[in-house]
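Engineer: My questions all concern the structure below.
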Number of protein chains: 2
Amino acid sequence: MQLTRAADYGVRVMVHLASCPQGARVSLADLAEAAEASPSFLSKILQQLVKSGMVTSHRGKHGGFSLVPRDPSPTLLEIITALDGLPPLNDCLKTDDACHRKTWCGVHLVWVEAQQKLRAVLAAASLDSLVRSTASRRAVLGLD
Amino acid sequence: MQLTRAADYGVRVMVHLASCPQGARVSLADLAEAAEASPSFLSKILQQLVKSGMVTSHRGKHGGFSLVPRDPSPTLLEIITALDGLPPLNDCLKTDDACHRKTWCGVHLVWVEAQQKLRAVLAAASLDSLVRSTASRRAVLGLD
């Protein structure tokens, strides 16, 4: 269930875009700096975010990437799902026929519950709340 | 945060041993059959369980493996920790200095909460409860 680096950087990009004024176009170079990722790696992640409809890519001199406004804002779970997704906690959670023991295995029920609790936390975190939380923590530290 | 195969099989072994009469010695071959794992792979997992003090290895003609009785019984989290552990949901949760953004990153707090919720579910599941749940599910299906 470990998050991929792509998903982690994708979330960083989304939080950065959402903290910019609405409609702002941010260059790949600036996004790479904000996410602390290489532009080439980030480029692929941005393609996935554009494909998901959460980010728009603008060409030309004043091009760049902008967040597609949405109310309510996407959740952390939606963003991760648009990227590499959240790997299951255990193989038996992968597909319906991933493990023939699941019909009677008492442990399977615990894996299911643990994964549901984890997903619920990510589904409760909106992009807007992540931006607010980040801004407030940075303000406390006197950053920006 | 995906569980290793070793941890998954280790849990199967523990549930099987705990479902046997107290003090019963189970052979490697029988444990391998119960866990649906190869004896050679299971052998390494059993070494880890013996090292953790949860399982005893008996040599000789009437040898085998037995569960070390414990009240309360170990939790699923303890069993997994004794094996390969639970990989962190994200790299920033690995060590204190794993990510310099954690002091201000709003997303980090969500990863922390998600991981805590997941661990709490595993810590609430005792080995005894897993045995009861498995037995009850098997009974409903008319197995055994």
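FYI, it's all coordinate maths here, none of it is from the lab. What you see is a predicted model; the values in this text were computed from it and never measured. Counting neighbours? That spans all protein chains shown, and the Cβs are built from the backbone with ideal geometry, glycine included.
Engineer: Is the shape of the protein assembly as shown best called rounded, prolate or oblate, per the rule: a/c under 1.5 gives rounded, else a/b larger than b/c gives prolate, else oblate, with a ≥ b ≥ c the square roots of the Cα gyration tensor eigenvalues?
Structural biologist: In terms of gyration-tensor shape, prolate.
Engineer: Would you calculate a helix-derived [θ] at 222 nm for chain B, using -39,500 (n - 2.57) for each DSSP H run of n ≥ 4 and dividing by the full residue count, to the nearest 500?
Structural biologist: -16500 deg cm²/dmol
Engineer: Hey, can you grab everything whose amide H is under 5 Å from the amide H of A:Val26? Only 5+ residues off in sequence or another chain; H modelled, so Pro and N-termini drop out.
Structural biologist: HN-HN under 5 Å from A:Val26: A:Phe65, A:Ser66.
Engineer: Residue farthest toward the positive end of the dipole of region B:5-140, with Cβ of Lys/Arg at +1 and Asp/Glu at -1: which of B:Ala135, B:Ala6, B:Thr95?
Structural biologist: Sorting the options by dipole projection puts first B:Ala135.
Engineer: Right, another one. Using a ≥ b ≥ c from the Cα gyration tensor of region A:19-69 (square roots of the eigenvalues), is it rounded, prolate or oblate, where a/c under 1.5 gives rounded and otherwise the larger of a/b and b/c decides, a/b for prolate?
Structural biologist: Rounded.
Engineer: To continue, here is another question. Could the peptides B:79-91, B:3-15 be put in order, highest first, of the mean number of other beta-carbon atoms found within 10 Å of their residues? Please list the in-between numbers first.
Structural biologist: On the way: B:79-91: 19.4, B:3-15: 21.9.
Final packing ranking: B:3-15, B:79-91.
Engineer: Between copies, how far apart are the A:Asp128 label points? List them in nm, one decimal, shortest first, with each point 7 Å from Cα toward Cβ, please?
Structural biologist: 4.8
Engineer: Could I ask something else about it? Just to confirm my numbers, what's the Cα centroid distance between region B:97-144 and region B:13-79 in Å?
Structural biologist: So the two Cα centres are separated by 22 Å.
Engineer: Restricting to Cα pairs below 8 Å that are 6+ residues apart, what does the relative contact order work out to for region A:5-140? Please round to a whole percent.
Structural biologist: Worked out over region A:5-140, it gives 28 percent.
Engineer: Any idea what log10 I(q)/I(0) is at q = 0.14, 0.15, 0.20 Å⁻¹ for region B:5-140, Debye with uniform C-alpha scatterers and no solvent?
Structural biologist: For region B:5-140, the Cα-only Debye profile gives -0.70, -0.77, -1.13.
Engineer: What is the ratio of the Cα radius of gyration of region A:28-107 to 2.2 N^0.38 Å, where N is its residue count, to two decimals?
Structural biologist: Ratio of Rg to 2.2 N^0.38 Å for region A:28-107: 1.55.
Engineer: Give, in nm to one decimal, the length gained when the segment between B:Thr95 and B:Val140 is fully stretched (0.36 nm per residue of separation minus the Cα-Cα distance). Each step should come with its number before you reach the end.
Structural biologist: Details: separation 45, 0.36 × 45 = 16.20 nm, distance 4.45 nm.
11.8 nm is the gain from fully extending B:Thr95 to B:Val140.
Engineer: Now for a separate question. What is the angle, in °, between the Cα long axis of helix A:5-18 and the longest principal axis of the Cα atoms in chain A? Nearest 10 is fine, range 0 to 90.
Structural biologist: Roughly 50 degrees, rounded to the nearest 10.
Engineer: Using 7 Å Cα-to-Cβ label points, what is the A:Arg59/A:Gln47 separation (nm, one decimal)?
Structural biologist: 1.6 nm
Engineer: Test of understanding: in a Gaussian network model of chain B with alpha carbons linked when under 10 Å, which of B:Arg25, B:Arg101, B:Arg132 would top the mean-square fluctuation ranking?
Structural biologist: B:Arg101
Engineer: Give me the inter-chain shielding for B:100-112: mean count of other chain Cβ atoms within 10 Å, whole number please.
Structural biologist: Numbers: counts 1, 4, 1, 5, 11, 8, 13, 14, 4, 5, 9, 7, 1.
Mean shielding by partner chains, rounded to a whole number: 6.
Engineer: Could you tell me the number of lysine pairs in chain B with C-alpha atoms less than 23 Å from each other, where the two lysines are 8 or more residues apart or belong to different chains?
Structural biologist: Summing the qualifying lysine pairs gives 5.
Engineer: Sort B:Ser38, A:Ser57, B:Ser66 by Cβ crowding within 10 Å, fewest neighbours at the top.
Structural biologist: B:Ser38, A:Ser57, B:Ser66
Engineer: Right, here's the next one. On a 0 to 90° scale, report how tilted helix B:39-51 is relative to the longest principal axis of chain B, with both axes built from alpha carbons and the result rounded to the nearest 10.
Structural biologist: Once rounded, the angle reads 70 degrees.
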